[in-house]
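Trainee: If you scroll down you'll find the structure; I have some questions about it.
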Amino acid sequence: MCPTHFFRYCLVAYQFVYSIPKMDSWQGKVALVTGASSGIGKAIALKLASHNMKVIGCARNMRALEAVAEQAKEQCRGEIVAIRCDVEKEQDILDLFKFIDEKYSGIHVLINNAGLAHDCPLLSGKTEDWNQMLAVNVLAPTICSREAVKLMTKHGIDDGYIININSTSGHAVDNRPAAHFYQMTKFAITALSDGLRRELVGRSSRIRVTSISPGHVESDFVNRWYQREPGRAAELLSKFTAMPAEDLAETVVYALSSPRTLNICELLVKSATEY
Ligand SMILES: NC(=O)c1ccc[n+]([C@@H]2O[C@H](COP(=O)([O-])OP(=O)(O)OC[C@H]3O[C@@H](n4cnc5c(N)ncnc54)[C@H](OP(=O)(O)O)[C@@H]3O)[C@@H](O)[C@H]2O)c1
């Protein structure tokens, strides 16, 4: 083979290998999933561990989190390491990233999932409820993203991935006063995702950012939202068509498996039977 043909062959092979979808390339890599003790975060953590990733799952409820880690031991090729972290506290997040730096030498995937809602309308809500939602839903994913990119950069990981669990509430305001502040926090996630992506492109980084915006998903979310009025939670849940959290977790695999030449910016996902 002449040198020109050989060079062309190598170039095509390189482009092919670089762009094919491959979940296998994440095997053995480190993922952090916030809010891994229940619902969507639990399902994503288990899904990534089933693809042989080293998953660090964080939340406050250690009993629930350790049960998830135990489930991974029985069912998955990879592992889930349970770490307590209250993402409302910046120091907890910084300590967690220090631990990841020292123990794992970097992080490849960050799933910003922890989140909550309170019934706190804009005209009558309590400031303390708004503060907690701002801390968990907005500031925590922003701090985690900054720290993750710092660690990726420090350890020369240029193909990292940040996935923000957003919501359909991050794209439209409706007539539910109980949801308005939550919608504000999720609109912020839409802006965070695109802002991060633009700053990374500006640095010529190949770290990608995807916002995944689900409709209603089976989890404890609505029960926690209306914990002061359990009757309303039951009424709301009877109106929703929810998708299983395990199925939603497939969208994370879909994004991670996409060719590295693409950035899937936004995935809006609803139950197949939801309007
Ligand atoms: N369920 C839905 O219909 C739906 C739809 C669209 C978007 N989402 C989004 O999906 C994400 C996950 O919600 P989910 O449905 O899985 O609800 P969930 O079952 O209530 O799970 C919420 C998770 O967030 C964690 N969390 C809350 N506050 C935290 C804190 N201060 N520090 C650390 N972790 C904290 C919880 O863990 P601990 O309590 O153990 O700390 C739990 O693991 C949220 O961002 C939510 O906005 C949900």
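Rule-based calculations on the coordinates, nothing more; no lab input. Since the structure is predicted, the reported quantities are computational estimates derived from the model, not experimental observations.
Trainee: Compute the helix-to-body angle for 3-19: its Cα long axis versus the longest principal axis of the chain, expressed 0 to 90° and rounded to tens.
Mentor: It is inclined by approximately 10 degrees.
Trainee: OK, next. I'd like the orientation of helix 39-50 relative to the chain: the angle between its Cα long axis and the longest Cα principal axis, in ° from 0 to 90, rounded to 10.
Mentor: For helix 39-50, the angle is close to 20 degrees.
Trainee: From the backbone phi of region 156-164, what are the Karplus-calculated ³J(HN,Hα) couplings (6.51 cos²θ - 1.76 cosθ + 1.60, θ = phi - 60°) in whole Hz, Gly and Pro given as x?
Mentor: Those phi angles translate into x, 8, 9, 10, x, 9, 10, 10, 9 Hz.
Trainee: Run the numbers on the chain and let me know its relative contact order in percent, using alpha-carbon pairs under 8 Å that are six or more apart.
Mentor: Details: 502 pairs, mean separation 53.5, N = 275.
Across the chain, relative contact order equals 19 percent.
Trainee: Please list, ordered by chain and number, the residues whose modelled amide H lies under 5 Å from the amide H of Ser211; skip anything fewer than 5 residues away on the same chain.
Mentor: Those qualifying (amide H under 5 Å, at least 5 residues apart or on another chain) are Asn164, Glu266, Leu267.
Trainee: Further question on the same structure: Amide H neighbours of Lys29 under 5 Å, at least 5 residues apart or on other chains, H built in the peptide plane: list them.
Mentor: Amide H neighbours of Lys29: Lys54.
Trainee: Going by alpha carbons, how many degrees (0 to 90, nearest 10) lie between the helix axis of 140-154 and the longest principal axis of the chain?
Mentor: The helix 140-154 is inclined about 20 degrees to the chain.
Trainee: On to the next question. To the nearest 500 deg cm²/dmol, what mean residue ellipticity at 222 nm is calculated for the chain from DSSP H runs of n ≥ 4 alone, each contributing -39,500 (n - 2.57), summed and divided by the residues?
Mentor: Numbers: 10 runs with 133 residues, N = 275.
The per-residue figure over the chain is -15500 deg cm²/dmol.
Trainee: Rounded to whole Hz and in sequence order, give me ³J(HN,Hα) for region 225-231 from the Karplus expression 6.51 cos²θ - 1.76 cosθ + 1.60, θ = phi - 60°, writing x for Gly and Pro.
Mentor: Values per residue, Gly and Pro as x: 4, 9, 5, 7, 9, x, x Hz.
Trainee: Which of Lys98/Lys239; Lys47/Lys150; Lys54/Lys126; Lys98/Lys270 have a Cα-Cα distance over 32 Å?
Mentor: Values: Lys98/Lys239 44 Å; Lys47/Lys150 26 Å; Lys54/Lys126 39 Å; Lys98/Lys270 37 Å.
Over 32 Å apart, Cα to Cα: Lys98/Lys239; Lys54/Lys126; Lys98/Lys270.
Trainee: Tell me the volume per residue, in Å³, of the convex hull enclosing the alpha carbons of the chain.
Mentor: On the way: hull volume 41.6 nm³, N = 275.
Once divided by residue count, the hull of the chain is 151 Å³.
Trainee: In addition: If the cut-off is a Cα-Cα distance under 18 Å, which aspartates and glutamates reach Lys42, setting aside same-chain residues fewer than 8 apart in sequence?
Mentor: Qualifying aspartates and glutamates at Cα under 18 Å: Glu66, Glu70, Glu74, Glu79, Asp86, Glu218, Asp220, Glu246, Asp247, Glu250.
Trainee: Also, I was wondering about something else. What list of ³J(HN,Hα) couplings, whole Hz, do you get for region 78-86 from phi and the Karplus terms 6.51, -1.76, 1.60, once you set θ to phi - 60° and write x for glycine and proline?
Mentor: Result, rounded to whole Hz: x, 10, 10, 9, 8, 10, 6, 8, 8.
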